[in-house]
Every structure is written in C-alpha cells, then in structure tokens.
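All remarks here apply to the structure that follows.
The values are calculated or read from the model by the stated rules, or taken from the named source; none is laboratory data. What you are looking at is a predicted structure, and each value in this text was computed from that prediction instead of being measured. We place every Cβ from the backbone using ideal geometry, glycine too, and count neighbours over all the protein chains shown.
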C-alpha cells in the first residue's frame, strides 16, 4: 500500500470509532491545554510586567533607600539592585534609613555626570479628583516630582506646560492631570482643563497641563495620576516615613556603568557612610526589575511542564490500550489485508499513523483551547494577543512522540498476526 492509502485507511478507522477517539483526544488535549494555557498566561503577565517597569528608559536608573525584594508565590526573595545586599556582619547605623529631602537635594546638586537628575516623592493613592460638576473614581494616585520627572518616566505633554523650577521649590498647588483623569473630568474638550481648579482629595489645585496617553498595565495605570511638585506633597502629606526616589538619565547609554559608579561615589558621603561600610542604598534599572519578576514566574512553567508530562503519560497509556483493543477488534480485517498482499510494514504503518493522528488531534485541540483561554488573562492585563509559538511547536512534537510511543506495541502486535489464524478469528 502507498502512504496515501495507509493514511486514508487510518482516517477511516478513526472516524468509525468516534466516541472512543473523542475520549482519547480529550485526555491528550488536557495535558497540552494545561501547558499552553499557563504558558500563554505567563507570557501575558510578562508583557504586562515589562510594560509596568518600562517607564524609565534604557539609559536611566534610580536610587532607592531599600532594594526591591520581589516575592511571587511564596518563593525566595530576589534582589534587583545593582548594589549588593548588605552583609549581616557589616555594622551600619543607617540601614533602612529613608532618603530625606536634604539628601536627595544634595545629590542633585553634586552629581556632575552628564545627564538629568530627577527627584520624586509619592503622595496618597486611591483618591478622588473632582470639579464642581464631575468627579473620578477612587483610583487616582498623586505623585510628586520636579521639572525632570516627565523625561525620566517617559511622559509627554498633550496640552499645557511642565512644572517650573520655582513651582517645585515653592510647592505651589499646581498640577498636571493624567490623560485618564482629564478625560473623566473634561470629556468634551481636554483643552478646557488648562487653568481650571480641581480638587485633589479635597485640596484645590490649578491645572497647568495634561499628560499624553501612555501605555498602562494591570499593575499601574499611568493615565490615572495627578502630578504635582514633591515639595507640595511634602507640605501636605509628609509623614516622615516616606522616602525620596532619585532618578538619573545619562546622555550616553554606553556610559551607564560609569554613571552608576559615579552616583554611588557621590551618594556615599551624603549618606554619611564610612569607607568600610557597605552602601545602605540601592541602584536599579527598570530592565533588571522586570527580569527578576520574570525569573520568579519561571517556577510556574516548571510546575506546568510536570503536570503536562504526567497527563501525557496517562494519555499515552490510555491510547495504547485503545489501540490494543482496536487490534483485537480488527483481527479479521488484518488477516484479510495480509491475504490480499498487505505486508507487515503496511499493517504496522497503518496502526502507527492512527495512533499519531489521534495524538495530534488532541494536541491541536489542546493548543487552540489553551491559547484562547490563556488570552483571557492577556485581555484582563490589557496586553496584546499572545501565542507562545515555541511551546506550540514543542507541544506538537511531544504529542507526535507520545502517539508514536503509544502505537508501537499495538502496531507490532498487529503486524505479527498470522493471516490464517486472523481470518478464522471470531
């Protein structure tokens, strides 16, 4: 028999046992479905995480008073900073000390490396912004920055102007509205927001600008913010426990490591560190933060692969059992095929192709359903449609191997049947 004849006969036999085939396909599909579903969801989460921490450019870094200890699913903490964590043996009286206004201001004045330095001070979150006629939901965050904040965090102006240095120093109650806030309060015309007075958590602010739309993620909505000066936040909301965040953007990305070393050398005396003391501040970049988060998601992939393999082993056993039943049911047919000139190879190939085709149908069903349902996560996280092509190819390959392995023994058994005995089989 030729290969098209073998494939046609295999498909005919598969179609004639629809219930049995469907059950086997479902078993195989479950393993691939779990794998593709979670991998797709992880990729969607990864895209969102990358978007969340891409507000700083590749040529920027920040200085914090503590490292970003990221813990996902109860796993180990991951330090994302460029400066190593403090040794337990190192005596340092300033461990955990926040970066004060005086320290941040001194750094900005002393840091001489070519680039920009911006200071930021976080205000209250989940507050309401309102005009006399309209108000937002309780999902707006107030941020304090300086004249360099927009450049360092990837914002651009849609309307109006930026904060002026004298407004930053005086802490005047002026603000820039995020695009989402402006659209909520001034839906008919965004330009109407300029020079209007809005109440931010019941405090009046004059609007001097509206920020352009910027990509957001499930972890931080960049359009639902109000930006004012850090001195305004200090004056109205300072509790003494908040820390300044220092952002630095260098002019030449190739000099990033030199800029970080220069920042470390500049900030050490400001923090009153002895020569023998380890730094009590941390320097990180957005890409290192995202990388650490993505590494933490890796344990989900490992667990999913284990679950999928266990399911596929069970599916392979089930498929082998079904193929053995098919050999017994079609013993007479096998005898007739051999009597008409069919060789052992033809019989073996027929059963192998049946097994592989059933397995591949399970793979296709699992892949399609896994991608579709996995992209529900992408929809919730506001990321694009995700297709894990590498895992799709891997799933098809693995299922082909599973089908081949499950069909080997039944195919061998069928090919060795004596045609005379098989024809007399009842």
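For this structure, a couple of remarks:
- Some residue of the range 285-295 being modelled with pLDDT under 80, within 28 Å of residue 23 (Cα to Cα), part of a helix (DSSP H, G or I) and assigned by TED's automatic domain parsing to the domain that holds residue 395: no
- Single residue of the range 159-182 satisfying the filter (surrounded by fewer than 17 Cβ atoms within 10 Å (Cβ to Cβ) and in contact (Cβ under 8 Å) with a residue 24 or more places away in the chain) that is nearest to residue 121 (Cα to Cα): 169
- Selection count where residues are out of contact with any helix residue (DSSP H, G or I) (no Cβ under 8 Å at 6 or more places or on another chain), surrounded by 13 or more Cβ atoms within 10 Å (Cβ to Cβ) and over 29 Å from residue 417 (Cβ atoms), scope the range 304-333: 0
- Scanning the range 226-245 for residues that are touching a strand residue (DSSP E or B) at 6+ places or on another chain (Cβ under 9 Å), modelled with pLDDT under 95 and not in a helix (DSSP H, G or I) yields a total of 5.
- Checked against (1) in contact with a helix residue (DSSP H, G or I) (Cβ under 8 Å, 6 or more places away or on another chain); (2) farther than 18 Å from residue 21 by Cβ, residue 372 meets all criteria but (1).
- Where helices (runs of 4 or more DSSP H) fall entirely within the range 310-426, those with at least 2 residues that are closer than 30 Å to residue 47 by Cα and free of Cβ contacts under 8 Å to residues at least 24 places away in the same chain are at 344-380, 389-415.
- Residue in the range 190-205 that is under 35 Å from the mean Cα position of the chain (by Cα) and at positive phi present: yes
- Condition met for residue 374 (within 34 Å of the chain's Cα centre (by Cα), farther than 14 Å from residue 29 by Cα and in the same structural domain as residue 327 (by TED's automatic domain parsing)): yes
Table: residues versus (1) modelled with pLDDT under 75; (2) over 21 Å from the mean Cα position of the chain (by Cα); (3) in the same structural domain as residue 382 (by TED's automatic domain parsing).
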position: 13; (1), (2), (3): no, yes, yes
position: 29; (1), (2), (3): no, yes, yes
position: 33; (1), (2), (3): no, no, yes
position: 39; (1), (2), (3): no, no, yes
position: 68; (1), (2), (3): yes, no, no
position: 73; (1), (2), (3): yes, no, no
position: 83; (1), (2), (3): yes, yes, no
position: 87; (1), (2), (3): yes, yes, no
position: 90; (1), (2), (3): yes, yes, no
